[in-house]
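Take a look at the structure below.
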Amino acid sequence: MQARRPGEIRSAYVGVDHGTLYYEECGEGQPVILVHGHSLDHRMWDGQFADLARDYRVIRYDLRGYGLSSPQTEDFQFTHVEDLVALMDSLHIEKAHVVGLSLGGYIGADMLGWFPERMLSAFLASGNVRMSPGPSEPMDAEEAARRDREIAELKRKGVDVMKREWFEGLMKSGGSRRERMRKPLWQMIQDWDAWQPLHKEVRVVAGKDAFRQLKTRKSDVPVLIVEGKSPGNKFPEHPEILDYLPNGRMLVLEDCGHMMNMERPEEFNKALREFISKVE
């Protein structure tokens, strides 16, 4: 096999059950996998990808239903965390440092519950356990009817209006340097097809199912829960997940909001590098 040049980015697709995932990787060393947030794609990690690749094998990818990966359907049950493990298997990665933000943080928490043996560490920003029903509690008739009403209301309001409101909410959560992320953040949200709010999505996050396993296992995986402190961003001072993680702790980054990695990439990268360095 021909050796990769320093800084060379490899992009490809891997197969998962009923679909494919687009990914990019760069660098050599311990694997670090970056998991993006809802309505976004692998580009949200532009401020981290090349920087981390100087010292690690970094993988960023598009979740199923986002970016260049396969679309979702209403009738095929999958979870993002099982897709992540399938990606790791395809890339021959036994264990990795998992870095997730928002929805990516939910997926990282799911992995702590279901697949902790595949993790070197977890760096979960702006999201950890999602306290929502998992695959063991499929959508019932009442929830389906409620979703039909929500979808009808969204169509009445208009997807473009919804996207703008969602974008402005993310911007409002930020601190004094939020304007630096306006253009790239809006570009990703514009490119998003908004499939998820317009359909009855299956349980793509393991949520409570994974949390029950996590509480039983009390995994010793090193975990850092990260939140951004700003007037427009609220978060619990002591996330419940920390009660079940012997090697878990919390870090608050000052003057930033939900999209902290785009708003303050230097501070985010420093915190991530220090965390991984201590783990290793």
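The values are calculated or read from the model by the stated rules, or taken from the named source; none is laboratory data. Owing to the predicted nature of the structure, the values given are computational and were not obtained by experimental measurement. Glycine also receives a Cβ, built like all others from the backbone with ideal geometry; neighbour counts cover every protein chain displayed. When the accessible area is computed, the model is the full protein with side chains, heavy atoms only, and any ligands, DNA or RNA have been set aside. Shrake-Rupley method; radii C 1.70, N 1.55, O 1.52, S 1.80 Å.
If you take every DSSP beta bridge fully contained in the stretch 220-280, what fraction is antiparallel? Give it as a percent rounded to 5. All intermediate terms of the calculation are to be shown ahead of the outcome.
Details: 1 of 8 bridges.
The antiparallel fraction comes to roughly 10 percent.
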The set of residues whose placed amide H lies less than 5 Å from the amide H of ARG57, leaving out same-chain residues fewer than 5 positions away, is GLU28, GLY29, GLN30, VAL32
For SER230, list long-range residues whose amide hydrogen, built 1.01 Å from N in the peptide plane, is under 5 Å from its own amide hydrogen.
CYS256
Once the chain is represented by equal point scatterers at the alpha-carbon sites, with solvent omitted, what log10 I(q)/I(0) does the Debye formula produce at q = 0.12 Å⁻¹?
-0.74
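Quick one: dipole size for the chain, taken about the Cα centre, charges +1 on Lys/Arg Cβ and -1 on Asp/Glu Cβ, in debye to the nearest 20.
Around 560 debye, computed over the chain.
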Scalar couplings 3J(HN,Hα) for the stretch 59-72 by Karplus 6.51 cos²θ - 1.76 cosθ + 1.60 (θ = phi - 60°), nearest whole Hz, x for Gly and Pro, are 10, 10, 8, 9, 4, 4, x, 9, x, 9, 7, 4, x, 8
3J(HN,Hα) from dihedral phi, the stretch 272-279, Karplus parametrisation 6.51/-1.76/1.60, rounded to Hz, x for glycine, proline
5, 5, 5, 5, 4, 4, 5, 5
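How much of the DSSP bridge set in the stretch 10-277 is antiparallel, in percent, rounded to the nearest 5?
Values: 12 of 38 bridges.
Once the DSSP bridges in the stretch 10-277 are tallied, antiparallel ones form about 30 percent.
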What whole number of Å gives the distance from the Cα centroid of the stretch 150-197 to the Cα centroid of the stretch 212-280?
24
Looking at the chain as a GNM with Cα springs under 10 Å, which of HIS38, HIS238, HIS80 has the largest mean-square fluctuation?
HIS238
Once phi is turned into θ = phi - 60°, what whole-Hz ³J(HN,Hα) does the Karplus curve with 6.51, -1.76 and 1.60 give for every residue of the stretch 182-195, x standing for Gly and Pro?
4, 5, x, 5, 5, 4, 5, 5, 4, 6, 5, 7, 6, 4
For the chain, the count of lysine pairs 8 or more apart or interchain whose alpha-carbon atoms are under 16 Å apart comes to 9
Enumerate the amide H contacts of SER121 below 5 Å, restricted to partners 5 or more residues apart or on another chain; note that Pro and chain-start residues carry no placed amide H.
ALA96, HIS97, VAL98
Which value, in Å² rounded to 10, gives the accessible area of TYR66 with a 1.4 Å probe and all protein chains present?
10
ASP55 accessible area, nearest 10 Å², 1.4 Å probe?
80
Classify the stretch 30-88 as rounded, prolate or oblate, taking a ≥ b ≥ c as the square roots of the eigenvalues of its Cα gyration tensor: rounded when a/c is under 1.5, otherwise prolate if a/b is larger than b/c and oblate if not.
oblate
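Return one whole number: the accessible area per residue of the chain in Å², for a 1.4 Å probe.
Using a 1.4 Å probe on heavy atoms only, each residue of the chain averages 46 Å².
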